[in-house]
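To start, the structure under review is shown below, and the notes come after it.
The values are calculated or read from the model by the stated rules, or taken from the named source; none is laboratory data. Just so we're clear, the structure is a prediction, and the values are computed from it rather than from any experiment. Using ideal geometry, Cβ is built from the backbone for each residue, glycine included, and neighbour counts are taken over all protein chains shown. Calculation scope for accessible area: heavy atoms of the full protein, side chains included, ligands and nucleic acids excluded. Shrake-Rupley method; radii C 1.70, N 1.55, O 1.52, S 1.80 Å.
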Amino acid sequence: MRVTVVLLVLFALLALATPAAAQPMVIRYQGTLTDAAGSPVNDTVSMTFSLFDMETGGTALWAETLDVDVEDGFFAVTLGESDPLDPSLFPTGASRWLGI
């Protein structure tokens, strides 16, 4: 499932607030995960996060697989720590979609 994520404004503000060389570019993301019956997951789950330039179809511009601790269905990750995000993925005016 692809989750629509509007990243342009966030990265524009981040770029204005700090020099690009000072910190690596990362995205913090939170979500919920349930099993097929709708019950919250309590486990460590391997998740692949991918950025796309279109809502459906297309090729992933970036991807990272993480082992994510999920407690009572809730999880939080920082994307871009192990597979860096390149600022060129976010040209001015472009939208990006996050696939999980």
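Filtered by the rule that a residue be among the polar types (S, T, N, Q), more than 16 Å from the chain's Cα centre (by Cα) and within 16 Å of PHE90 (Cβ to Cβ), the range 20-64 gives a lone residue, GLN23.
Of the residues making up the range 35-45, just one is open to solvent by 80 Å² or more (accessible area, probe 1.4 Å) and among the polar types (S, T, N, Q), namely ASN42.
Taking the criterion of being open to solvent by 30 Å² or more (accessible area, probe 1.4 Å), more than 23 Å from SER39 (Cβ to Cβ) and part of a loop (DSSP other than H, G, I, E, B), the residues of the range 62-100 that qualify are GLU81, SER82, ASP83, PRO84, ASP86, PRO91, THR92, GLY93, SER95.
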